[in-house]
Structure formats: C-alpha cells, structure tokens
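Participant: Sharing a structure, written as structure tokens. Questions coming.
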Amino acid sequence: MCNLYSLSKGPAAMIELAGAMTNHAGNLEPGKVWPDYPAAIVRHSEGGRELVRARWGMPSPQFVLKGRKTDKGVTNVRNAASPHWRRWLGTDNRCLVPATSFAEPAREKDPETGRKGNHWFAIGDDRPLFFFAGIWTNWTSVRKLKEGEVTADLYAFFTTEPNAVVAPIHPKAMPVILTKPDEIETWLTAPWEEARALQRPLSDDGLIEVMEEEFA
C-alpha cells in the first residue's frame, strides 16, 4: 500500500498538465508527502479546475473507527463498490493527485537494523509529472487528539492490482496512475461507468524503479 510519495514539480507544471485555471495552493515546496500531510490536488470548482491543498486520508468507514478517538484517514481506496466510497465517485468529488514518484516498502527487513527500505517508482528516470486518480471531500473529524475536531478537505487515491514492475516488491496493489490527457479528462469529467475503467495497473513499460533506499 502506497503511504509515501514525492513531488518535485511546481504548480505551473501541474496546472498545465491538468488544464487547471486557478492556483489556490500557493507555492509548493518539493519533497516527500506522508499521510495526513497537506498536499496539492486538482479538482472542480464553480470557476473551473483549481489547484488546492488537502490532507491525505479520506474519512474511514465506521467499523474501522470502533473504539478509536481519532480518525487518521484512509490513504488508498481499492473497493469502489463499497457504499462508503460510492458517495464520492461522482465528478464533483474526483480529483487528480500530482506526483513524480511513489514508494513501496521492501518485503524483507534489513538483518542488521531490523528496518525496511523503500523502493521508489516513477514513469521515467527524470521523474516526469503524473497524477494519481483520486477522490476528495470536506469532512469534520478528529484527526489528532491534540488538534481536536477540525473541518478539512481530505483526499485519497485509488489502487489496483500491481503491474510486473511493482509486483515483486508489493504483490497486492499499486496506485492508479494517469499520464495521458484523455485519461485525465475521463477521470475528471466522465460518468463513473466510464471512468471506472481507469482503475487498472499502468503498463509494464510505463513504469520503472528509480531508487532503493537502504532503510525507512
């Protein structure tokens, strides 16, 4: 499950690739994005597509929250047929999540440190910009006890079965990645019956491993 990704491109590149009209995210520092961190997404607004910031982690299903005082959120969504997720599958709640690489933890721990490294994947050695196929919502919850109840824009992105590049590292899933203009348009504008076809692995020749970190 992808719980870490990186973004090294600026807002101008995101706006150009997504066809967004306004930037409400401001300046974005390049670097790694972790769960519950604020990061850029592209979504619909009354004035057209906009680039904004949201926190990574959609509201958790009720059964997950039983006995818990906080909801840290769900970062990856797989089962689009679940009633919990169906409410956010319309075009008003679909979004694009900009990224230039994503990490999957190594399957084996380092025998000396007991830690797992990360394998980083991108669509090219120069780490071009792409988008995860995401959903977002505005939600009131307690994310952290010290923070208390907050209302915030939240997002997550879809996963699917892994391709041959990711499967040796993470055999269960990989993020849904959009790289082509027609895919971006379909995800943001098409009925769900059409857009759902994009929940598929990227082609094997469309992704490479660009780095292996020794520990995490």
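Participant: So, in segment 45-63, of the ones that are over 22 Å from Ala25 (Cα atoms) and out of contact with any Asp or Glu (no Cβ under 8 Å at 6 or more places or on another chain), which residue ends up surrounded by the fewest Cβ atoms within 10 Å (Cβ to Cβ)?
Facilitator: Out of the qualifying residues, it is Phe63.
Participant: Just the residues that are aliphatic (A, V, I, L, M) and surrounded by 15 or more Cβ atoms within 10 Å (Cβ to Cβ), please, taken from segment 14-44.
Facilitator: Once the filter is applied, which keeps residues that are aliphatic (A, V, I, L, M) and surrounded by 15 or more Cβ atoms within 10 Å (Cβ to Cβ), segment 14-44 yields Met14, Ile15, Leu17, Ala18, Ala20, Ala25, Leu28, Val33, Ala39, Ala40, Ile41, Val42.
Participant: Being basic (Lys, Arg), touching a residue at least 40 places away in the same chain (Cβ under 8 Å) and either touching a helix residue (DSSP H, G or I) at 6+ places or on another chain (Cβ under 8 Å) or on the phi < 0 side of the Ramachandran plot (or both): is that true of Lys172 here?
Facilitator: On the way: basic (Lys, Arg): yes; touching a residue at least 40 places away in the same chain (Cβ under 8 Å): yes; either touching a helix residue (DSSP H, G or I) at 6+ places or on another chain (Cβ under 8 Å) or on the phi < 0 side of the Ramachandran plot (or both): yes.
Answer is yes for this residue.
Participant: Assess whether Asp71 counts as being in a loop (DSSP other than H, G, I, E, B), in contact (Cβ under 8 Å) with a residue 60 or more places away in the chain and under 12 Å from the mean Cα position of the chain (by Cα).
Facilitator: no
Participant: Test Leu28 against the criterion of being touching a strand residue (DSSP E or B) at 6+ places or on another chain (Cβ under 9 Å) and assigned to a helix (DSSP H, G or I), and give yes or no.
Facilitator: no
Participant: Where residues in segment 202-215 are more than 15 Å from Thr179 (Cβ to Cβ) and loosely packed, with under 13 Cβ neighbours inside 10 Å, which of them is modelled with the highest pLDDT?
Facilitator: For segment 202-215, the residue satisfying everything is Glu212.
Participant: Here is a further query. Return the pairs, sorted by first residue and then second, in which the second residue is polar (S, T, N, Q), the first residue lies in segment 34-50 and is farther than 14 Å from Ala156 by Cβ, the beta carbons are less than 8 Å apart, and the residues are 6+ apart or on different chains.
Facilitator: Cβ pairs passing all conditions: His44/Thr91; Ser45/Thr22; Gly47/Thr22; Gly48/Thr22; Arg49/Thr22; Glu50/Thr22; Glu50/Asn23.
Participant: Now for a separate question. Is one or more of the residues making up segment 153-175 touching a Leu at 6+ places or on another chain (Cβ under 9 Å), over 23 Å from Asp204 (Cα atoms), in a loop (DSSP other than H, G, I, E, B) and not acidic (Asp, Glu)?
Facilitator: Scanning segment 153-175 turns up no residue that is touching a Leu at 6+ places or on another chain (Cβ under 9 Å), over 23 Å from Asp204 (Cα atoms), in a loop (DSSP other than H, G, I, E, B) and not acidic (Asp, Glu).
Participant: I've got another one for you. So which residues in segment 1-24 are farther than 11 Å from Arg49 by Cα, in a loop (DSSP other than H, G, I, E, B) and in contact with a Leu (Cβ under 9 Å, 6 or more places away or on another chain)?
Facilitator: Ser8, Lys9, Gly10
Participant: Right, here's the next one. Considering only residues that are at pLDDT 95 or above and among the basic types (Lys, Arg), look in segment 72-90 and name the one that is nearest to Thr151 (Cα to Cα).
Facilitator: Arg87
Participant: Just checking, which of Leu145, Leu178 is of a type outside the set (Gly, Ala, Ser) and either under 17 Å from Trp56 (Cα atoms) or more than 18 Å from the chain's Cα centre (by Cα) (or both)?
Facilitator: After applying the criteria, what remains is Leu145.
Participant: Out of segment 86-101, which residues are under 21 Å from Glu161 (Cα atoms) and surrounded by fewer than 20 Cβ atoms within 10 Å (Cβ to Cβ)? Working first, answer last.
Facilitator: Residues of segment 86-101 under 21 Å from Glu161 (Cα atoms): 86, 89, 94-101.
Within segment 86-101, Arg86, Leu89 meet the criteria.
Participant: State all residues of segment 134-152 that are assigned to a strand (DSSP E or B) and farther than 19 Å from Phe102 by Cα; if no residue qualifies, say none. Steps first, please.
Facilitator: Initial filter on segment 134-152 (assigned to a strand (DSSP E or B)): 134-142, 149-152.
Scanning segment 134-152 gives Trp136, Thr137, Asn138, Trp139, Thr140, Ser141, Val142, Glu149, Val150, Thr151, Ala152.
Participant: Restricting attention to segment 176-192, which residues are of a type in the set (S, T, N, Q), under 22 Å from Arg87 (Cα atoms) and without any contact (Cβ under 8 Å) to a residue 60 or more places away in the chain?
Facilitator: Hit for segment 176-192 is Thr186, nothing else.
The values are calculated or read from the model by the stated rules, or taken from the named source; none is laboratory data. Please read all numbers here as calculations on a predicted model, not as lab measurements. Please note: Cβ atoms are built from the backbone with ideal geometry, for glycine as well, and neighbour counts cover all protein chains shown.
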